[in-house]
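What follows is one structure encoded as structure tokens, with my remarks underneath.
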Amino acid sequence: MTNPTIKSFFDDSTNTITHIAFDPVQKQAAIFDPVLDYCAASGRTHTTCADKLIDFVRENGLTVQYIIETHAHADHLSSAPYLKEALGGKTIVGAQINQVQKVFGPIFNAEKSFKTDGSQFDILVNDGDVLPLGDMEIKAMHTPGHTPACMSFLIGNAVFVGDTLFMPDFGTARCDFPGGCAQDLYHSIQKLFALPDDTRVMLCHDYKAPGRDEYKWETTIGEEKAHNKHVGSDADMESFVKMRTERDAQLNMPKLILPSVQVNIRAGEMPPADDNGTVYLKIPVNAL
């Protein structure tokens with residue numbers, strides 16, 4: 001079995017990690033959860049984060065096959081369209097993205113032509129689907145709970161888990177967004193825990209738990225099972241759901257949830273321009 005070579009990029013403004021996984025021989029690559037820089041104060045976007053990915057791909061002679069979103073992110077805008085134009089590759093998301101689109105389309109009063117069938121993405125994957133990547137395979141694992149569409153992706157000895165898990169000292173993802181479910185998250189994590197203990201776990205975020213000096217974004221299934229503060233050491237579902245529900249009730253919404261979600265349910269594309277030629281992002285009042 002060929003295992004992927006992985007290069008990770010940390011964006012400190014959103015605490016997001018973008019991973020590039022590639023076959024070290026065939027040089028076929030997949031990009032996970034890319035960031036588009038966005039200034040909430042000015043409404044301006046720029047491509048500093050994405051350009052770092054482009055430079056790495058070109059400098060290492062990689063061919064991008066896929067640009068993969070583990071879910072519709074609420075904390076950063078996706079740069080998938082920009083990367084696709086520069087590097088090629090097909091955009092991928094879990095097939096249950098249609099559930100997220102059906103919830104958030106009305107919240108943002110999306111235009112009548114907005115489709116809620118996931119067709120903005122090139123490939124929709126279901127649990128167990130397998131995609132080729134050089135001499136490797138990418139296996140999709142449906143891991144809902146944070147959102148209905150969350151997917152983890154297993155490549156060789158590494159699994160890319162999106163927001164399902166964090167570092168063991170930080171815990172697990174929130175479940176209070178529309179369509180989220182703490183029971184589903186518990187079952188999804190048990191599904192991941194069935195992987196071999198030495199499986200590398202590649203995270204999408206790190207917020208540097210109190211007492212830790214450095215950001216981290218890689219752990220193992222064994223470390224998560226033994227030490228995850230929310231769900232490790234054989235925590236039962238009832239206590240996990242109680243903890244997660246109480247904790248989520250105290251959390252503020254992510255600072256970029258409103259601009260992020262309305263872009264990310266469109267596979268990273270902006271909404272259509274108004275009749276004056278300007279693109280607007282909507283801020284629904286008292287909707288979340």
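What follows draws every value from the coordinates through simple rules; no lab data is involved. The shown structure was predicted, so the numbers you read here are calculated from the model rather than taken from an experiment. We place every Cβ from the backbone using ideal geometry, glycine too, and count neighbours over all the protein chains shown.
What does the net charge come to around Tyr38 if you take all other residues with beta carbon closer than 12 Å to its beta carbon, with K and R at +1 and D and E at -1?
That works out to -1.
What Kirkwood hydrodynamic radius, in Å, does region 190-230 give when the mean of 1/r is taken over all pairs of distinct Cα atoms and then inverted?
Details: mean 1/r = 0.0902 Å⁻¹.
Radius from the Kirkwood sum: 11.1 Å.
Gaussian network model of the chain, Cα springs within a sub-10 Å range: biggest mean-square fluctuation belongs to which of Gly156, Gly211, Gly94?
Gly211
For region 195-288, what is one quarter of the convex hull surface built on the Cα atoms, given in nm²?
Averaged projected hull area, Cα only: 9.7 nm².
Which distance in Å, rounded to a whole number, links the C-alpha centroids of region 49-69 and region 215-263?
Cα centres, region 49-69 to region 215-263: 29 Å.
Cα-based Rg (one decimal) and Dmax (whole number) for the chain, in Å?
That works out to 18.1, 57 Å for Rg and Dmax.
What is the sum of charges around Asp12, taking Lys and Arg as +1, Asp and Glu as -1, for the other residues whose C-beta is under 11 Å from the C-beta of Asp12?
Net charge around Asp12: -1.
Based on the Cα atoms of region 1-82, what semi-axes does the equivalent ellipsoid have, where each is the square root of 5 times one gyration tensor eigenvalue, given in whole Å with the largest first?
Its equivalent ellipsoid spans semi-axes of 25, 13, 10 Å.
Principal axis extents for region 238-288, Cα atoms only, whole Å, descending order, please.
Principal-axis extents of the Cα atoms in region 238-288, largest first: 52, 23, 14 Å.
222 nm [θ] for the chain, helices only, -39500 (n - 2.57) per DSSP H run of 4+, per residue, to 500?
For the chain, the value works out to -7000 deg cm²/dmol.
So for each of 234-247, 57-70 I average, over its residues, the number of other beta carbons within 10 Å; can you give me the resulting order with the highest mean first?
Averaged packing, sorted descending, gives the order 57-70, 234-247.
How much net charge surrounds Val201 when only the other residues with a Cβ under 10 Å from the Cβ of Val201 are counted, with Lys and Arg +1 and Asp and Glu -1?
Cβ neighbours under 10 Å give a net charge of -2.
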